[in-house]
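Peer 1: Quick one: structure below, then a few questions.
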Amino acid sequence: MKYRPEIDGLRALAVLPVIFYHAGFPLFSGGFIGVDIFFVISGYLITSIIVADLIQNKFSIVDFYERRARRILPALTNVLIVTTVLAYLFMPAELLKEYSQSVVSVVAFASNIFFFLETDYFALTADEMPLLHTWSLAVEEQYYVFFPLLLAACWGAGQRLVITVIVALSIFSLATAHYWTYNNNAEMSFYLIFSRAWELFLGALLAFIPSKNKFKLEHINSFFSLLGVALLVYASLFFDKTTPHPSLYTLTPVLGTLLIIHFASHRNIVGIVLSHRFFVSIGLISYSLYLWHQPIFAFLRMKSIGEPSILVFSVAMLVSLILAALSYRYVETPFRNKKKYQRKQIFQYSLVSLTIFLGIGLLGHVNQGFEQRFNLPSYSESIVASPKRQECHSRNSNYLRPENACRYFGSQVTWAAFGDSHIIEPAYALANELQRHDQGLLHLTFSGCEPALNFDVDRVGCSQWLNESLRYLESNTEIENILLGFRHSAHLFGDNVDFYPEVPHKVALDVIGATKTEISDQKLLSLYWDSFDEIIERLVTSGKTVYLLYPIPELPIHISKAAAPFWVFSAKTMLNLTQTTTSEYYFARHNYILSKLDTLQYGEDLKAIKPYSVLCPNDGCAAVMSNKALYYDDDHLSIYGAQLLVEYYFANQF
């Protein structure tokens, strides 16, 4: 097909927003839609090539996969080599094991499935996964396993049947994406081929519309191409993490891309601008740029305490551009030269490369991330969460109702644990203590759920679960004691990790149906506290003894990173494990909620459980005690940390 420089320019409009988004540039809150642009471009170009071959009766599936191998594998192999070396040098064992698993998924072209399965509540932060971005490559390769065969199989029956089949599959895929996204399967919808294929299908459909089917008046073509740009700009700037995606909303960038591909040309402003050397140059290296930026950003975040600054990310982007340009010049371009590398060589090199990295990935997994690289005490055995998390913890509208909730371990269930995920490990440690006296515990927790008694939040099922659970506890005469706790400061002001050592002060509580113009920050804080205060009052009034969990000290980075050296040639950990954060930081971070909790009237029916008293000796909060980790990640206690807390407050209780 005829080369169109404006499509390479369009690739620049795809890759740059993605990079700005991953760098955390606030202006590009919807930069993730760059991947959708890539999908549409890919569907259009690949289908155009296949259709041209089918028309000339020279389509070969072997030729097709040879082109894909030349396009995808050399640059990917180059990035995998560098990333794997850096991973071995810099990653703590837990992260290296996870990285090794991701390498296996990449060479199997199944990384979208791997990262979908890894995106549970306690997966290591996605921003620090060097190969996370390969999920989109996996989607494309899965698509191109079946699409050429489907196209070839239907071709003999005529283009009308081909188009009908693609339209039907597009509708089904888009409907699947929208349904999953709106029915608590957003991660599944984001990563899997079934809910992404429609974007490639729509690009494929455009390949069946001849370029001559444009308006004769060029200013009309210019208008529609400008409309396409406007749609992309709007999605990049105004979409954000709360936008349902992929869904019908995603039609905005997809249609924008289709309009640009079809209507932009050298005769209108959009085509002329996108054909400029700047955009074309970025577009030509866009694949390598996409491959390089995520590992660089990931290692940067991995070895930083707090979020790196915009200036640091700007330097990282420059490094990504340089590496991408070198990769395009010395890796991509030579391997696309059929005279230099023949088909047999391409397939041989591809097989060798994939086999080597498959072996490396399996080796890293089997060896548990090569923990012996570091000449330090191992804390991995104590970085353990409650085994009741998966079974007993609710996360969405399909929550465990109170009457069906977990009860463990003793036969007389006289205790309950009630709150968000911060209560899980203390509940497990308490249940182990209760078991000695044949008493049991009712487990009532919901992931990331605020004490949303009198308001609703953007977490499906949270408010309903909370109200049901509270009513159940009030009416249950067997339950006498309740361990109550929430991660208050995170609910009110957001996570601490990105801001450390600063303390976030902006109210982040997102109440459904209320905007910042309708309700002030002070009113949001009061709404939150009044709801929590009412929960306590209702439980106490119903005859329960409430053990109120004060804020758990938070680490500035994940415990696995905190407890590991900066790299294999150093014996010094990134943080002082015995005094990871200061007392000053703890009281500043939790100032609002501590001031409220301290006003409560404690006595026989209301008792305070203060983790600070246990975990923060010597005017600082520890991450490790007695060579055991106190945390499971950066803010949830490990079983050992929870055990210390329970022993301190409940050892003589029974």
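The values are calculated or read from the model by the stated rules, or taken from the named source; none is laboratory data. Here the structure is a predicted model, which means the values were calculated and not measured. Methodologically, a virtual Cβ is constructed for each residue, glycine included, from the backbone with ideal geometry; neighbour enumeration extends over all protein chains shown. Surface accessibility is based on the protein's heavy atoms, side chains included, excluding ligands, DNA and RNA. Shrake-Rupley method; radii C 1.70, N 1.55, O 1.52, S 1.80 Å.
Peer 1: What is the magnitude of the charge dipole of the chain about its Cα centre, with +1 placed on the Cβ of each Lys and Arg, -1 on the Cβ of each Asp and Glu, and no other charges, expressed in debye to the nearest 20?
Peer 2: Computed charge dipole of the chain: roughly 3740 debye.
Peer 1: How big is the Kirkwood radius of the chain, worked out from every pair of different alpha carbons and given in Å to one decimal?
Peer 2: 27.3
Peer 1: Sticking with this structure for a sec: If N is the number of residues in segment 458-530, what value comes out of its Cα radius of gyration divided by 2.2 N^0.38 Å?
Peer 2: Compared with the compact-globule rule of thumb, segment 458-530 sits at 1.38.
Peer 1: To the nearest 10 Å², what's Arg67's accessible area with a 1.4 Å probe?
Peer 2: So the heavy atoms of Arg67 present about 80 Å² to solvent.
Peer 1: Okay, moving on. Do me a favour and compute the ellipsoid semi-axes for segment 1-65 from its Cα gyration tensor, root of five times each eigenvalue, largest one first, whole Å.
Peer 2: Working through the eigenvalues yields semi-axes of 32, 12, 8 Å.
Peer 1: Please list 3J(HN,Hα) in residue order for segment 350-366, calculated via the Karplus relation 6.51 cos²θ - 1.76 cosθ + 1.60 where θ = phi - 60°; whole Hz, with x for glycine and proline.
Peer 2: 5, 5, 5, 4, 5, 5, 4, 6, 4, x, 4, x, 5, 5, x, 6, 4
Peer 1: If a cysteine in the chain has no other Cys Cβ under 4.7 Å from its own Cβ, put it on the list, ordered by number.
Peer 2: Cysteines lacking a close Cβ partner in the chain: Cys154.
Peer 1: Using r as the Cβ-Cβ distance of Leu248 and His276, and R0 as 30 Å, what FRET efficiency do you calculate, to the nearest 0.05? Don't jump to the answer; show the numbers that get you there.
Peer 2: Values: r = 33 Å, r/R0 = 1.10.
Computed FRET efficiency for Leu248 and His276 comes out at 0.35.
Peer 1: Among the lysines, which have Cα under 26 Å from the Cα of Lys338 when same-chain residues fewer than 8 positions away are ignored?
Peer 2: Leaving aside lysines fewer than 8 places away in the same chain, those within reach of Lys338 are Lys2, Lys58.
Peer 1: So how many Å³ per residue does the convex hull of the Cα atoms of segment 136-229 work out to? Don't skip to the answer; put the middle values down first.
Peer 2: On the way: hull volume 11.4 nm³, N = 94.
Normalising the Cα hull of segment 136-229 by residue number yields 121 Å³.
Peer 1: If you don't mind, there's one more thing I want to ask. Given 0.36 nm per residue, what is the gain on full extension from Ile220 to Gln56 after removing their alpha carbon distance, in nm?
Peer 2: 55.7 nm
Peer 1: Let me ask something else about it. Per residue, what accessible area does segment 1-123 have, given a 1.4 Å probe and all protein chains present, in Å²? Let's see the in-between values first.
Peer 2: Working: 4330 Å² over 123 residues.
Accessible area per residue, segment 1-123: 35 Å².
Peer 1: Taking θ as phi - 60°, what are the ³J(HN,Hα) couplings along segment 101-109 by the Karplus curve (6.51, -1.76, 1.60), each to the nearest whole Hz, with x for Gly and Pro?
Peer 2: 3J(HN,Hα) across segment 101-109, in whole Hz: 5, 5, 4, 4, 5, 5, 6, 8, 6.
Peer 1: Could you put Lys303, Lys340 in order of accessible surface area, largest first, with the 1.4 Å probe and the full protein assembly present?
Peer 2: Lys340, Lys303
Peer 1: Are there GluC sites (Glu not before Pro) in segment 504-611 that DSSP marks as loop and that have at most 12 other Cβ atoms within 10 Å, and which are they? Before the final figure, lay out each step's value.
Peer 2: Details: sites: Glu518, Glu534, Glu537, Glu554, Glu584, Glu604; in loops: Glu518, Glu554, Glu604.
Sparse-neighbourhood loop GluC sites (Glu not before Pro): Glu518, Glu604.
Peer 1: Right, something else. Tell me, how many Å apart are the Cα centres for segment 287-311 and for segment 36-68?
Peer 2: So the two Cα centres are separated by 33 Å.
Peer 1: With every protein chain present, what is the per residue accessible area of segment 526-654 (1.4 Å probe, Å²)?
Peer 2: Per residue, segment 526-654 has 41 Å² of solvent-accessible surface.
Peer 1: At q = 0.17 Å⁻¹, what base-10 log of I(q)/I(0) does the Debye formula yield for segment 364-428 when every alpha carbon is treated as an equal point scatterer in vacuo?
Peer 2: -0.74
Peer 1: While we're on this one: Divide, for segment 322-462, the radius of gyration over alpha carbons by 2.2 N^0.38 Å, where N is the residue count. Don't skip to the answer; put the middle values down first.
Peer 2: Details: Rg = 26.3 Å, N = 141, 2.2 N^0.38 = 14.4 Å.
That ratio works out to 1.82.
Peer 1: Right, something else. Starting from the residue with the highest accessible area, list Arg71, Arg329 in decreasing order, probe 1.4 Å. Present the calculation step by step, with values, prior to reporting the outcome.
Peer 2: On the way: Arg71 60, Arg329 135 Å².
From most exposed to least exposed: Arg329, Arg71.
Peer 1: Kindly list the residues of segment 332-372 that lie in the label zone of Tyr3, defined by a backbone N under 17 Å from the point 7 Å along the Cα-to-C-beta vector.
Peer 2: 332-339
Peer 1: Expressed as a whole percentage, what fraction of the accessible surface of segment 532-654 belongs to carbon and sulfur atoms when a 1.4 Å probe is rolled over the protein heavy atoms?
Peer 2: That share works out to 48 percent.
Peer 1: Here's another thing I want to ask about it. At a 1.4 Å probe radius, carbon and sulfur cover how many percent of the accessible area of segment 1-134?
Peer 2: Answer for segment 1-134: carbon and sulfur cover 66 percent of the accessible area.
Peer 1: Here's a follow-up. Bin width 5 Å, alpha-carbon pairs only: give the P(r) of segment 604-654 as whole percents, running from 0 to the bin holding the largest distance.
Peer 2: Here the calculated profile for segment 604-654 is 5, 19, 28, 25, 13, 7, 3, 0.
Peer 1: For Asp456, which sequence-distant residues (separation of 5 or more, or a different chain) have an amide H within less than 5 Å of its own amide H, given hydrogens modelled in the peptide plane?
Peer 2: Residues meeting the amide H criterion: Ile512.
Peer 1: Describe numerically, in nm with one decimal, the distance between label points set 7 Å from Cα along Cα→Cβ at Glu502 and at Asn367.
Peer 2: The answer from the label model is 4.2 nm.
Peer 1: Give me the lysines in straight-line cross-link reach of Lys544: C-alpha distance below 26 Å, same-chain residues under 8 apart excluded.
Peer 2: Lys544 reaches Lys388, Lys596, Lys607, Lys610.
Peer 1: Then there is this: Would you compute, for the Cα atoms of segment 158-277, the largest minus smallest coordinate along each principal axis and list the three values in descending order, in whole Å?
Peer 2: On the principal axes, segment 158-277 reaches 46, 42, 24 Å in Cα extent.
Peer 1: Now for a separate question. Accessible area of segment 176-240 with a 1.4 Å probe: how many percent of it is carbon plus sulfur? Write down the numbers at each step before the final one.
Peer 2: Numbers: 2220 of 3230 Å².
The C+S portion of the solvent-accessible surface of segment 176-240 is 69 percent.
Peer 1: Right, next: Could you rank Trp180, Trp198 by how accessible they are, 1.4 Å probe, largest area first? Intermediate results must be reported in sequence, preceding the final value.
Peer 2: Numbers: Trp180 50, Trp198 0 Å².
These residues rank, largest area first, as Trp180, Trp198.
Peer 1: Report the residues of segment 437-458 in range of a label on Thr541: point 7 Å along Cα→C-beta, backbone N strictly under 16 Å from it.
Peer 2: Inside the label zone: 453-454.
Peer 1: Using a Cα-Cα cut-off of under 28 Å, which lysines could be cross-linked to Lys241, ignoring same-chain neighbours fewer than 8 residues away?
Peer 2: Lys303, Lys506, Lys516, Lys523, Lys561
Peer 1: For Ile609, list long-range residues whose amide hydrogen, built 1.01 Å from N in the peptide plane, is under 5 Å from its own amide hydrogen.
Peer 2: Here the answer is Leu548, Leu549, Tyr550, since their amide H atoms fall under 5 Å of that of Ile609.
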